Each structure stands twice: as structure tokens, then as C-alpha cells.
Amino acid sequence: MSGDQIRFGVYSGPQHASFDGYLELWRRCEELGYDWLSVFDHFMPIVGNPEGPCFEGPTMLAAMAAHTSTVRVAILVTGVTYRHPAVAANIAATIDHISGGRAEYGIGAAWMEDEHRQYGIPFPRLGVRMDMLDEACRVLRGLWSEERFSFEGEHYRLEDAQMRPKPVQERLPLIIGGDGEKRTLRIVAEHADVWNTGLNELETFRHKLDVLARHCEDVGRDPGEIRKSLTFRAVLAEDEASLADRRRELTPALPMEDTRFSFLTTEQAVERMRPFADLGGNDFLLSAYSPYDWESLELFVRDVAPAVRTG
């Protein structure tokens, strides 16, 4: 799963949307030429009104996999607390078959306490969830790759477990989200094929890469084997005048409490992303929430992606 090819994708939570509307997003993004698309894993909206509708993540991913044919399909990322990792391993393998070998499965330590509270799902302290994440990664990979797999951990135990069919892909990519330096990046170094974080400050990314490299050295792994995936939120326009018009039009309707939100011309977006690509950023993922910003989605893949790829 490693490599130098830069991919461009859309991170789209299935919230505040109908099934048909969400399917339209995926079909249009595939037609536009995106490399990668994902759902998220939440039981309530995380952007805008939390009282609105929100589809279940892996089920929606299976549906999107069945309705697309070329784009990579992913979930970014599942909460380790929501499903036993043996169940998750079967879900991921099934989706890999539905997609014809295009699936990528993301997992993290979970963070949204309200989801756990409302459904009575235990939400242990962060250190415990990190331990669960580490064990879950071992269970996922073991079931995906071994004919019979046994595991004795603090949180999960498997005895001579089988899982068939195996994924279509010889190595189904495992995405790990988060950037905690002590635990998360250590787990990334040990288990991840893809590391996902936010596209924030360049120096922060550089520092996190250094931390990840040290963890990789400790576990005897080449950090170049791990793709670096960067998610961001933005409104794009072709030029400054169009950007000003879009800002006036869209600002009242946008959740501007999200400090990661940016208004950028396509040229500014290229200038912002190139340094990250130069440092080793492999995947650039534009967030999309209903109602979808079709202009930004089109500009990102049409104008920004080719310019970043060519450097």
C-alpha cells in the first residue's frame, strides 16, 4: 500500500443526507476522477445539528462499494469501542469482496462520548481505549492473514479462530487515525498501512513525521511503508473575485465554529498542499457534508490535484 503516487479523495460523513443524495455524491465523485472515497463511523452528526439523521458507517460503505466500480472505498475511521475486532474483520473482508478488492479499513480509539452515553456503550478512559486499539489491530491482521488465529489479550481473546473468505487483497490496507505522539503514532508504526491526520500546520506535520520515524525505528519498520493521509475542509474558487462571492454566499450556512475551515483559491490550495506532498504526504482528502459543495469538489480534482501531482 506504500508508494509515491499521490491520491486525491473525499471524506464524506453520511449525515443530514438521504441515501439517494449520498449515493449521488459517490457516483459523481467517481465520475469526476477521484481516487478514494470514504464514509465515517458515527451514530449522530458530528458537523452541524447533532439531532439530524446519520447512517451507520460500515453498512453504508458496503452499499457504496456495490454502486461504484473503480474508486477506492474506505471508512475513516471506525471506533474501536463499537465492534469486537473479529466482527470488524469479517465486515471489512466482506466489503472487500463487494468492492472487488478496493476496500480500506480505518480504525481509531473513538472520541465521541455522547454516542457511547446514549446507547450505553462503555467508554473507558483514553489509555484503555488505546490498549484496545493496539489489540484490535493485531486481531484484524491476524484474521485477515492467517488460516487459524489465536490471541490472548487483556480485552480480546480468540481461540483457533477462522475467518473465511479472506479479503480479496493480499494485504487489506489498515488505516489508523490520530496523531498522539506517545501511543497513537506507536500503534501506527506497528500496524498501519495508512496514517490519517489533519492538514494543519506544516511544522506540526514535520514534527509528527519525526516522531513516527522514531517509533518506526524502534519497531524495525521503514516509515516509507506507511502512506500519510491528510484530511481538510475548504471552500474553493477559481480566483479571488469568485472566492469573495462564495464567502458572502456560503458563510451564513457553514459551521464556522470549525477552525479547520478555509476559503482558498485553487492556486492557494496548491500552494498549501505542495509542501505537505514534498514532506511525504500521499493522500489529500477534502471533507464533504450535505448539502454538498459541488463547485469545490469539481475544482479540487480538476485543477488542484494535477498541479500538486506535477509539483
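The values are calculated or read from the model by the stated rules, or taken from the named source; none is laboratory data. Values in this document were obtained by computation on a predicted structure and should not be read as measured data. Here the Cβ positions follow ideal geometry from the backbone for every residue, glycine too, while neighbour counts run over all protein chains shown. Accessible surface areas use protein heavy atoms only, side chains included; no ligands, DNA or RNA. Shrake-Rupley method; radii C 1.70, N 1.55, O 1.52, S 1.80 Å.
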Apart from one, (1) within 17 Å of G101 (Cβ to Cβ); (2) β-branched (V, I, T); (3) under 15 Å from the mean Cα position of the chain (by Cα) all hold for T68; the odd one out is (3)
Among the residues of region 168-175, is any in contact with a Phe, Trp or Tyr (Cβ under 7 Å, 6 or more places away or on another chain), of a type in the set (D, E, K, R) and in contact (Cβ under 8 Å) with a residue 40 or more places away in the chain?
no
If we scan region 30-50, do we find a residue that is over 21 Å from T231 (Cα atoms) and at pLDDT below 95?
yes
Of the numbered conditions (1) touching a helix residue (DSSP H, G or I) at 6+ places or on another chain (Cβ under 6 Å); (2) crowded, with 17+ Cβ neighbours inside 10 Å, V168 fails exactly one; give the number of that condition.
(2)
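Kindly state which strands (runs of 3 or more DSSP E) lie completely within region 197-311 and contain at least 1 residues that are among the small types (G, A, S) and closer than 21 Å to G177 by Cα.
On the way: elements: 227-237, 261-265, 283-288.
Qualifying strands (runs of 3 or more DSSP E): 227-237, 283-288.
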Kindly check whether there is at least one residue in region 34-53 that is open to solvent by less than 10 Å² (accessible area, probe 1.4 Å), without any contact (Cβ under 8 Å) to a residue 60 or more places away in the chain and among the β-branched types (V, I, T).
yes
Does region 272-311 hold any residues that are without any contact (Cβ under 8 Å) to a residue 40 or more places away in the chain and among the hydroxyl-bearing types (S, T, Y), and which are they?
T310
What are the pairs, 6+ residues apart or on separate chains, where a residue within region 127-155 that is under 20 Å from I91 (Cβ atoms) has its Cβ under 9 Å from a residue that is open to solvent by 30 Å² or more (accessible area, probe 1.4 Å) and hydroxyl-bearing (S, T, Y)?
G142/S150
